[in-house]
Structure formats: structure tokens, C-alpha cells
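Participant: Have a look at the structure that comes next, please.
Derivation of every value follows stated rules applied to the coordinates shown; laboratory data play no part. Not measured: the values here are computed from a predicted model. Note that we place each Cβ from the backbone using ideal geometry, even for glycine, and neighbour counts take in every protein chain shown.
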Amino acid sequence: QVQLVESGGGLVYYGGSLRLSCAASGIIFNQYDMRWYRQIPGKQRELVAAITRGGITNYADSVKDRFIISRDDAKNAVYLQMNSLKTEDTAVYYCYAGGGFINYWGQGTQVTVSS
């Protein structure tokens, strides 16, 4: 059974930092591109950051220079270091594993940035 389990969300003040983790099981992790998405109620889910199997990263313009995505294939985990958080970063953050034909989602973790 495939599982993507996010953790690390919570409440943080404006300008603070959080580190999200996503632990994967049931997949050959190093064969998957990994992404973080976020969603605000009533809005479409948006891509925040991505990292390929080879370690190439890509970021949404809104988080460039503030967020860092990384992966540890030995631990079957992907991370999102979020710095200089803004109130507009408040959302549910989802981990995504893309294997081409088969993709998987985590259940999400809430991040709330308070002013």
C-alpha cells in the first residue's frame, strides 16, 4: 500500500520558518519526481515546488528565494524548508509523487501564518 505522510505543519508568525516533511512508503522512491502543492479553500491546488529524480528543482515565483525543496532517497523522504513566511502562504500543503503513469498524493498538512 502506497502512503505519503506529511508532517511539520502548524502555526507560525509572519517572517518565521517551518520545515515540512513527507515520508513515502510502498513506492520505489528514487524513481519518482516529488512535488509540494498547496491549496486554499475555494481555490485551485497550486504547485509550490518540485524536485526530479535527478535532483533538479523548480519553484513557483511566489516562493522563490524563500522555500527550498530537497529529498533524501535513503530515507524515502522529501522536505520543504519554508522561510520568511507570509500570511499568503497559509494553506494546506500536499506531497505528491509522480511516476509517469501513476501518481500519489498525501493527505495534507495545514500551515497557518499569523500576522
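Participant: Counting only DSSP beta bridges with both residues in the chain, tell me the antiparallel percent, nearest 5.
Facilitator: 90 percent
Participant: Within the set of other residues whose C-beta is less than 10 Å from the C-beta of I51, count the net charge using Lys and Arg as +1 and Asp and Glu as -1.
Facilitator: Every neighbour counted, the sum reads +2.
Participant: So, one more: ³J(HN,Hα) across the range 16-27 via Karplus (A = 6.51, B = -1.76, C = 1.60, θ = phi - 60°), whole Hz, x for Gly/Pro?
Facilitator: 3J(HN,Hα) across the range 16-27, in whole Hz: x, 10, 9, 10, 8, 10, 9, 9, 9, 9, x, 10.
Participant: In addition: What's the center-to-center distance, using Cα atoms, between the range 1-31 and the range 49-98 in Å?
Facilitator: The distance from the Cα centre of the range 1-31 to that of the range 49-98 comes to 9 Å.
Participant: While we're looking at this one, here's another question. Taking every pair of alpha-carbon atoms in the chain, give the share separated by more than 20 Å as a whole percent.
Facilitator: For the chain, the share of Cα pairs beyond 20 Å comes to 35 percent.
Participant: Another question about this same structure. Using R₀ = 25 Å, calculate the FRET efficiency as 1/(1 + (r/R₀)^6) where r is the Cβ-Cβ separation of V5 and E88; round to 0.05.
Facilitator: 0.45
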